[in-house]
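**Q** Take this structure, written in structure tokens, and hold onto it; I'll ask about it next.
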Amino acid sequence: MLATGCTEPAAIALTAAIAREQLDGELEHIKVRASANIIKNAMSAGIPGTNYTGINYAAALGAVCGAVDRQLRVVDDARPEDIERAAHLVENGYVDVRRAFDPDKLYVEVELVNKEHQSRAIIKGAHTNVILVERDHQRVGCELPGQTMETDITPEQISRTLNIRTIYEFVETMDRRQDDLHMIQEAIEVNGHIAQLGAAGDYGLNIGHGIRNNQEAGLMGHDVVMDAVAMTASGVDARMAGANAPVITNSGSGNQGITATVPILSAAKSLGIDEERTFRAVTLSNLMAIHIHADFGPLSGLCGATIAAAAAACGLVYLQGGTLEQIGFAVNNMFGNVSGMLCDGAKADCALKISTCVFAAFQCAAMALRSESVKATDGIVETDPEETIRNFVRLGNEGSSKCDDLILEMLLQK
């Protein structure tokens, strides 16, 4: 799915835009209720095309000018006067943001009111999954143009269909003339573009630029690994700073879409690997990310970059001619390494975390290509990498609730 900027502010803006379509008269007040994970991931992320960050600006901009049919690119076409109007609403206290205690980790509710009318919309479970639209306290139809639960395939279907072996076998035998692989081609083009944009511009913490500066200073090497780390970080730099450029998401996350794709592209270019092998490696990486993420849920107390980077490690193994067994070793190596990284919100330093994970992906892939693997006696790793994945998923699903609450408490007390 195409998305501009962080997907959580985009979901908030989209919810507000849906509610605005049902409000008669002038907008006077905006009430936002969101789950802890949404608040955590939206409060510090840049709003595309603006200098603003945060939930209140995302909601206000969506309510002022959001284009519902563009889904997670909902505010791409905001004009300067729209941004000014949204800022006026926020700065004058007309946007009220509070936590919703819905059990779903992905929950956004936006209510718009004026003296005579009211409207409300709720998105839940996935970034574009509209479950309620209300006009003057009466429920109305809630079909969103092109609405999807990120994909028409359920997590249960993914779990039944995808595993490391089936992904490997598909990638080995797929026919680009017969199989519908347009989304992989889009990921290569679109995510490759935002990485180039980030490398050329000045965004966020400039993690990618910093790596290149270190390379020029002789503190880091000009090699396959660091070039890929810099390029991937540059894409995330641009996205988290609100660059008005889309990405192709993976499992609802733009950062994960970048991380599952750009390291493969950069490594392939550096190593002189042909376009066909590269395409298959990017396909494997993105399918592995979907496989790992299927039962993990859209948001967690653990950083999703670890999932996408584990998938990238698998793609790097395949890119360099690795076997099915060695791809499994890459999974075990990654989850023996970076599985404890916390998600403390979507923000500029996501690029820093992703640079760490991408470096780890190359190291773990290199180990795997030597047929070296973290042993089943160590930590959460099992002999069967599928069992390792299940252990990691349990950590994310069962272990992150208290962690999320603590992180949110720390963020809100600043």
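**Q** Determine whether Ala361 is of a type in the set (A, V, I, L, M, F, W, C), in contact with a strand residue (DSSP E or B) (Cβ under 6 Å, 6 or more places away or on another chain) and at pLDDT 95 or above.
**A** No.
**Q** Now, a different point. Is it fair to say Arg73 is farther than 20 Å from Cys303 by Cβ, open to solvent by 10 Å² or more (accessible area, probe 1.4 Å) and more than 15 Å from the chain's Cα centre (by Cα)?
**A** No.
**Q** Something else about it: Inspect the range 356-367 for any residue being under 22 Å from Cys6 (Cα atoms) and open to solvent by less than 50 Å² (accessible area, probe 1.4 Å) and give the result as yes or no.
**A** Looking for residues that are under 22 Å from Cys6 (Cα atoms) and open to solvent by less than 50 Å² (accessible area, probe 1.4 Å), one finds at least one in the range 356-367, hence yes.
**Q** Another question about this same structure. Kindly indicate the residue of the range 119-138 that is at pLDDT 95 or above and of a type in the set (Lys, Arg) and also most open to solvent (accessible area, probe 1.4 Å) among those meeting that condition.
**A** Within the range 119-138, the match that is most open to solvent (accessible area, probe 1.4 Å) is Arg135.
**Q** For Val358, only one of the following conditions fails: (1) touching a Pro at 6+ places or on another chain (Cβ under 6 Å); (2) in contact (Cβ under 8 Å) with a residue 60 or more places away in the chain; (3) over 28 Å from Leu411 (Cα atoms). What is its number?
**A** (3)
**Q** List, please: which pairs have Cβ atoms under 8 Å, are six or more places apart or on different chains, and start with a residue in the range 17-30 that is open to solvent by 40 Å² or more (accessible area, probe 1.4 Å) and end with one that is acidic (Asp, Glu)?
**A** As it stands, the answer is Asp24/Glu116; Asp24/Asp136; Gly25/Glu116; His29/Asp96, since those pairs meet every condition given.
**Q** Let me ask another. Please enumerate the residues belonging to the range 229-251 that are part of a loop (DSSP other than H, G, I, E, B) and either in contact with a strand residue (DSSP E or B) (Cβ under 8 Å, 6 or more places away or on another chain) or open to solvent by less than 10 Å² (accessible area, probe 1.4 Å) (or both).
**A** Taking the range 229-251 as the starting set, the residues that turn out to be part of a loop (DSSP other than H, G, I, E, B) are 241-245, 249, 251.
Across the range 229-251, the qualifying residues are Ala241, Gly242, Ala243, Asn244, Ala245, Thr249.
**Q** If you don't mind, another one. Kindly check whether there is at least one residue in the range 183-191 that is farther than 30 Å from Gly49 by Cβ, open to solvent by less than 50 Å² (accessible area, probe 1.4 Å) and part of a helix (DSSP H, G or I).
**A** no
**Q** Taking the range 316-338 on its own, how many of its residues are under 21 Å from Leu352 (Cα atoms) and either in contact with a Pro (Cβ under 6 Å, 6 or more places away or on another chain) or open to solvent by less than 10 Å² (accessible area, probe 1.4 Å) (or both)? Give the derivation first.
**A** Going through the range 316-338, the residues under 21 Å from Leu352 (Cα atoms) turn out to be 316, 333-338.
Going one step further and asking which of them are either in contact with a Pro (Cβ under 6 Å, 6 or more places away or on another chain) or open to solvent by less than 10 Å² (accessible area, probe 1.4 Å) (or both), we end up with 316, 333-335.
So the count comes out to 4.
**Q** I'd like the full set of residues that are among the β-branched types (Val, Ile, Thr) and at pLDDT below 95, limited to the range 1-30. Walk me through how you get there before you give the answer.
**A** The initial filter retains those residues of the range 1-30 that are among the β-branched types (Val, Ile, Thr), namely 4, 7, 12, 15, 18, 30.
Across the range 1-30, the qualifying residues are Thr4, Thr7.
**Q** I've got another one for you. For the range 22-72, give me each residue that is under 15 Å from Ala100 (Cα atoms), in a loop (DSSP other than H, G, I, E, B) and polar (S, T, N, Q).
**A** Answer for the range 22-72, where residues must be under 15 Å from Ala100 (Cα atoms), in a loop (DSSP other than H, G, I, E, B) and polar (S, T, N, Q): just Ser35.
**Q** Is it the case, given these coordinates, that Gln363 is of a type outside the set (Phe, Trp, Tyr) and within 25 Å of the chain's Cα centre (by Cα)?
**A** yes
**Q** Then there's this: Does at least one position in the range 255-270 carry a residue that is out of contact with any helix residue (DSSP H, G or I) (no Cβ under 8 Å at 6 or more places or on another chain), of a type outside the set (Gly, Ala, Ser) and open to solvent by 20 Å² or more (accessible area, probe 1.4 Å)?
**A** First pass over the range 255-270, keeping only residues out of contact with any helix residue (DSSP H, G or I) (no Cβ under 8 Å at 6 or more places or on another chain): 269.
If we keep only those that are of a type outside the set (Gly, Ala, Ser) too, we end up with 269.
Keeping just the survivors that are open to solvent by 20 Å² or more (accessible area, probe 1.4 Å) gives 269.
Yes; the residues of the range 255-270 include at least one that is out of contact with any helix residue (DSSP H, G or I) (no Cβ under 8 Å at 6 or more places or on another chain), of a type outside the set (Gly, Ala, Ser) and open to solvent by 20 Å² or more (accessible area, probe 1.4 Å).
**Q** Among the residues of the range 396-406, are any under 30 Å from Arg280 (Cα atoms) and either open to solvent by 50 Å² or more (accessible area, probe 1.4 Å) or not charged (D, E, K, R) (or both)?
**A** yes
The values are calculated or read from the model by the stated rules, or taken from the named source; none is laboratory data. In this text, all values refer to a predicted model and were calculated from it rather than measured experimentally. Positions of Cβ are backbone-derived with ideal geometry, glycine not excepted, and every protein chain shown enters the neighbour counts. Remember, those area values only see protein heavy atoms, side chains included, never the ligands or the DNA or RNA. Shrake-Rupley method; radii C 1.70, N 1.55, O 1.52, S 1.80 Å.
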